[in-house]
Structure formats: structure tokens, C-alpha cells
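The values are calculated or read from the model by the stated rules, or taken from the named source; none is laboratory data. Being a predicted model, the structure only gives us computed values, none of them experimental. Heads up, the Cβs are rebuilt from the backbone with ideal geometry, glycines too, and the neighbour counts pull from every protein chain shown.
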Amino acid sequence: MKKTISFLVVVPGLALWAALAHAEPGACREPAQGQGRVQLDDAMFKRMDGNADGQVSKAEFNAFNARRFKEMDANKDGKVTREEMDVRVNQAMKNGLTHLNDRFAAADINQDGGLDYQEAQAMPVMQAYFSEVDTNKDGKVTREEYLAAMPLLHRVKNIGPKGKDEAL
């Protein structure tokens, strides 16, 4: 019962976090296999960098956010109501949770509903923190453990030579 209540409380919060982190297509900060740094996705940066000079000016940043505002303003009246914002946030939460579930499913090669250490290789940050994410210490990371670990996994700045970032 306690686990179910925790899951019902944690998942909506994680979904909101995921919505913010993953609302932009391609904005996942999990490095590809073999990369050492977790960083803002290049595709998102390029979308913000309108003149492609490798920098985002205040004007480019504002233009990017203006497009976001326009997307959120469903009735195109130049204002965003609470309802319009809720619709956008709910959609982003749904997209973020779908993205996280898809990543988990793709890594679960044997489709047993859990990731062992070998399967976690598909997600280097999770593999680096496998023992912390596997809270019940059964050698498998469940979907629930994975979702609950999102704050830990996405605050990692660098995967060092030993597989962990010493400066969290």
C-alpha cells in the first residue's frame, strides 16, 4: 500500500519534471553510448540559435520563447489562460512520461519488466548509478525505481572516469 501511494505521488511529480526536461523533441540529456557529458541537446540549442553563430542572444532566446507562447495560446487572443497552460503542461507531461517509458522499454531487452546491470548499459547515467537506483537491491531496476530516480539521474553533470560524477 505504501509503495502504491508513493508511486502515485512520485510519478505525477516526475512527469512534470520530465515534461520540462523532455518537452522539446530531442532534448533528452542522457548521453549516447560512450559519451562522457550530459548536456543540453544540440538540436534544441540549434533551434534557439536562429542565426547559427553558436550563441543564443537575448533576442533569439526571446524569439524561441515567443514561439512557445504562441503554441500555448490556443485561441490566439494574445493571452495564455490557466486552462491553456494546463493543457500544454499536461501534454508535455504525457510526452515526457511516454519518452521515459519508451527508453526503459527499449533498454529492457529480455522484456521482463526490469533492467539488469547489462541492460542498463543502454543508459550510461543509469548504469553509473545502478546501485542507487536499484533501491530494493534485487539486481534489477524496475520501471518504478527508474521513474523515482529521475531527479538523481538528471542532475548528473559529468560521468567521470570511474563512471560517477564526484561533483554532484
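Numerical summary
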{"item": "Search result, residues across region 125-142 that are over 14 Å from the mean Cα position of the chain (by Cα) and either modelled with pLDDT under 70 or assigned to a helix (DSSP H, G or I) (or both)", "result": "127, 128, 130, 131, 132, 133"}
{"item": "Top-ranked residue in region 32-67 [being closer than 26 Å to residue 84 by Cα, out of contact with any helix residue (DSSP H, G or I) (no Cβ under 8 Å at 6 or more places or on another chain) and at pLDDT 90 or above; ranked as surrounded by the fewest Cβ atoms within 10 Å (Cβ to Cβ)]", "result": "58"}
{"item": "Contacts under 8 angstrom Cβ, first residue in region 63-75 being among the aromatic types (Phe, Trp, Tyr), partner surrounded by 14 or more Cβ atoms within 10 Å (Cβ to Cβ) and assigned to a helix (DSSP H, G or I), 6 or more apart", "result": "64/47; 64/48"}
